[in-house]
Every structure is written in C-alpha cells, then in structure tokens.
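A.B. asks: Here it is: the structure, laid out below.
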Amino acid sequence: MKKARSKKEVDGSEEMIANYGFKDGSGEYYISIDTDKCTDCKDRGCLKACPSQIFEMEVDDWDDEVAIVKPSERNKIKFTCAACKPNRGRPEFLLCQVACRPKGIAHSW
Ligand code: SF4
Ligand code: SF4
C-alpha cells in the first residue's frame, strides 16, 4: 500500500490521516500526515525543511490544500530518510517534525 487516507476517531473527534510508504520483509515504513493541520498551516515548514524535498502540496478531494509525500518518493522513504535516522544519536524529533509546527507529521519507524 503506497497511500491511504482515512478518518480516525481520536478522543471523539475525527482526524484525517494520510499514510505514505510501504512495507517489506524488514518492517513497515510509513509517513503519516494529519492533513486537518495542513489547512490552517501558514508557514508549511515541511516543504523547506526536508533535505530531500519529499513533500509537496496538493488540493485534496475535499478542496483543501494539504501536504503529501511525492508519488515518486513513496517507495523509497526508508532509504531517503536514513540520513535523518542514524542508528545512534537519532534526534527525538526529525527535521520535518520540528519544522511542522502544528505537529502533523509522524513516522512509523
Ligand atoms: S508543515 Fe505540517 S501542517 Fe504544515 S503543510 Fe507541512 S505537514 Fe502540513
Ligand atoms: S526524516 Fe528527513 S528525509 Fe525523511 S521526510 Fe523527514 S526531513 Fe525528509
């Protein structure tokens, strides 16, 4: 599965979570974006912060402009993100997460 967008019940309210990535024999590699947060996001820090420029904006099915992981990047995020995720000394928050002030980005690994 390269992309899934679903409504998820969180504390009684609905959130829109889009998942981008893949799984293989070694694990699951997904970046999740809480796209409700993108609609009110002013600075769109994710676009500038990622050294590999994997994010872009898209108008979704609800006519909201939200961040997505570029289709060409979805099959390789495990490898692209490796530089930000050293086995030792991995930062508590990744560059994309620090730049996303509304805290809308999560990584599954
Ligand atoms: S910085 Fe976060 S909330 Fe803003 S557009 Fe990017 S992913 Fe969405
Ligand atoms: S972990 Fe690094 S390479 Fe991966 S999306 Fe975040 S900023 Fe980009």
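A.B. asks: Given +1 on the Cβ of Lys and Arg, -1 on the Cβ of Asp and Glu, and no further charges, what dipole in debye does the range 3-107 carry about its Cα centre, rounded to the nearest 20?
C.D. replies: 780 debye
A.B. asks: Another question, then. Nearest 500 deg cm²/dmol is fine: what mean residue ellipticity at 222 nm does the chain get from its DSSP H runs of n ≥ 4 alone, each adding -39,500 (n - 2.57), divided by its residue count?
C.D. replies: -3000 deg cm²/dmol
A.B. asks: Give me the extension gain from GLU56 to CYS84: residue separation times 0.36 nm, minus the current Cα-Cα distance, reported in nm with one decimal.
C.D. replies: 8.2 nm
A.B. asks: Can you run phi through the Karplus equation (6.51, -1.76, 1.60; θ = phi - 60°) for the range 81-87 and list ³J(HN,Hα) in whole Hz, with x for Gly and Pro?
C.D. replies: So the Karplus estimates, Gly and Pro as x, are 7, 4, 5, 8, 10, x, 4 Hz.
A.B. asks: Peptides 19-27, 42-50, 85-93: what's the order by average Cβ count within 10 Å, highest mean first?
C.D. replies: Per-residue mean Cβ counts within 10 Å order the peptides as 42-50, 19-27, 85-93.
A.B. asks: Taking H as built 1.01 Å from N, whose amide H comes closer than 5 Å to the amide H of TYR29, not counting residues under 5 places away?
C.D. replies: Hits under the 5 Å cutoff: PHE22, LYS23, ASP24.
A.B. asks: Let me ask something else about it. Relative contact order for the range 3-107: what percent, with Cα pairs under 8 Å and sequence separation of 6 or more?
C.D. replies: Averaging sequence separation for qualifying contacts and normalising by length gives 27 percent for the range 3-107.
A.B. asks: Classify the range 32-79: rounded, prolate or oblate, from the alpha-carbon gyration tensor (a ≥ b ≥ c, eigenvalue square roots; a/c under 1.5 rounded; otherwise prolate if a/b is larger than b/c)?
C.D. replies: It comes out oblate by the Cα gyration axes.
A.B. asks: In 10 Å bins starting at zero, report the fraction of Cα pairs in the chain per bin as a rounded %.
C.D. replies: Bins of 10 Å from zero give 14, 48, 32, 6, 0 percent of pairs.
A short reminder: the numbers here are calculations on the coordinates, not readings from a lab. Fair warning: this is a prediction, and the values are worked out from it, not measured in the lab. We place every Cβ from the backbone using ideal geometry, glycine too, and count neighbours over all the protein chains shown.
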